[in-house]
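For reference, the structure discussed in these notes is given below.
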Amino acid sequence: MAMATSTCKSMLLMAFVAAALSAASLVQSSPLQNNFYGSSCPQAEATVRNVTEGIIRNDPTMGAALMRLFFHDCFVRGCDASILLDPTSNNTQVEKKAIALRGYDAVNKIKAAVESACPGVVSCADILAFAARDSAVVSGGFDSFDMPSGRRDGVVSKLIDVLQNIPSPIFKLQELINNFAAKGLNADDLVTLSGAHSFGQAHCSFVNGRLYPTVDPTMNATYAAALKTVCPAPGTGGGDPVLNNNRVTDPNTLSNQYYSNLVTGQVLFVSDQQLMNSSYTAAKVVNNSADAATWMGQFQVALVKMGGIQVLTGTAGQVRKYCNVVNG
């Protein structure tokens, strides 16, 4: 019976994804394509998958780190791997200086493996996209799904672009909706992709405003008390400790647990709790909490959609040899 139920859920998920991707194709054409490297580097996606699996197996926190890198990349200048570029003497204020992210060494490791197989063929932007997809598979138990590719790497990276494009953790709901709309994403995508806050880490400085001087009344009181044992009051010299986004269940699993946490007031950010501030988004939250299979299908579609933001293709940009520097 359990096997039959699992098979049924899998079939429903596949049907949902197929229908959603078909609908998306009616409203948004993309220059990207599935199996872009089928002829030029047929082992590209398998190589990324194998190295990504090993990285996450050795450090389960890396699934969320790779997913977050992909989000930050796509929301700033489009999905062009500009988030990966190191400072230079001509440009000291690059994107990665704006916020502390993890996973850069992991991406370099994946890129080295791909370069060994197919030198100068696979872009860092596509490696980020494949690694995010594979993180959902490894850390979330998703069935593997197509991630269209053909992105090229950008040559520009500016710190100021991060400040102007990444949604703030203190954004109100309409600000979040507007921010996503500017990237071609809608309120459904906002709610769906927010599920990535079911895993990963954050610093106390991003949540202290909900704890001090008084606790945000929308936050579960027991949850807030537990957070206060980790996060010292600002100005007390306690530093800026790291928190797990999900303090209820496994913090390294991508799942619909985020929505159950949200319903019960056990989420970190103002921007998370804001999803309960309209009947439309709140209903989506409740539905996602109750139906993991449907949310997983929606997440796949939204991740692919996000991966098409302002991409460089054809002869635009370049294919970097090393992801942290532009080609000489």
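The values are calculated or read from the model by the stated rules, or taken from the named source; none is laboratory data. In this text, all values refer to a predicted model and were calculated from it rather than measured experimentally. Every residue, glycine as well, gets a Cβ built from its backbone with ideal geometry; the counts of neighbours run over all protein chains shown. With ligands, DNA and RNA removed, areas are computed over all heavy atoms of the protein, side chains included. Shrake-Rupley method; radii C 1.70, N 1.55, O 1.52, S 1.80 Å.
Figures for the structure shown
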{"read-out": "Output for region 138-178, where each listed residue is polar (S, T, N, Q) and touching a Gly at 6+ places or on another chain (Cβ under 8 Å)", "value": "Ser139"}
{"read-out": "Residues of region 79-95 that turn out to be over 24 Å from Val304 (Cα atoms), β-branched (Val, Ile, Thr) and open to solvent by less than 60 Å² (accessible area, probe 1.4 Å), as a count", "value": "1"}
{"read-out": "Selection within region 271-303 - crowded, with 23+ Cβ neighbours inside 10 Å and out of contact with any helix residue (DSSP H, G or I) (no Cβ under 7 Å at 6 or more places or on another chain)", "value": "none"}
{"read-out": "Sole residue being within 15 Å of Cys323 (Cα to Cα) and more than 17 Å from the chain's Cα centre (by Cα), chosen from Leu85, Leu66", "value": "Leu85"}
{"read-out": "Matching residues in region 37-70 - criterion: being more than 14 Å from Val107 (Cα to Cα) and among the aromatic types (Phe, Trp, Tyr)", "value": "Tyr37"}
{"read-out": "Considering residues of region 202-219 that are polar (S, T, N, Q) and either at pLDDT below 95 or surrounded by fewer than 16 Cβ atoms within 10 Å (Cβ to Cβ) (or both) only, the residue farthest from Tyr259 (Cα to Cα)", "value": "Thr214"}
{"read-out": "Those residues of region 239-270 which are open to solvent by 40 Å² or more (accessible area, probe 1.4 Å) and assigned to a loop (DSSP other than H, G, I, E, B), in sequence order", "value": "Gly239, Asp240, Arg247, Val248, Thr249, Asp250, Asn252, Thr253, Thr264, Gln266"}
{"read-out": "Top-ranked residue in region 39-65 [being of a type in the set (Gly, Ala, Ser) and farther than 16 Å from Ala113 by Cα; ranked as most open to solvent (accessible area, probe 1.4 Å)]", "value": "Ser39"}
{"read-out": "Every residue from region 153-199 that is charged (D, E, K, R), in a helix (DSSP H, G or I) and in contact (Cβ under 8 Å) with a residue 40 or more places away in the chain", "value": "Asp161, Asp188, Asp189"}
{"read-out": "Those residues of region 217-230 which are touching a Gly at 6+ places or on another chain (Cβ under 8 Å) and either in a loop (DSSP other than H, G, I, E, B) or of a type in the set (S, T, N, Q) (or both), in sequence order", "value": "Thr218, Met219, Asn220"}
{"read-out": "Residue list for region 25-38, filter: modelled with pLDDT under 95 and exposed (fewer than 15 other Cβ atoms within 10 Å of the Cβ)", "value": "Ser25, Leu26, Val27, Gln28, Ser29, Pro31"}
{"read-out": "Verdict on Ala226 being farther than 23 Å from Arg68 by Cα and not aromatic (Phe, Trp, Tyr)", "value": "yes"}
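Okay, residues lined up against (1) open to solvent by 10 Å² or more (accessible area, probe 1.4 Å); (2) closer than 28 Å to Asp240 by Cα; (3) not small (Gly, Ala, Ser):
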site	(1), (2), (3)
Lys97	yes, yes, yes
Ala100	yes, yes, no
Asp105	yes, yes, yes
Asp126	no, no, yes
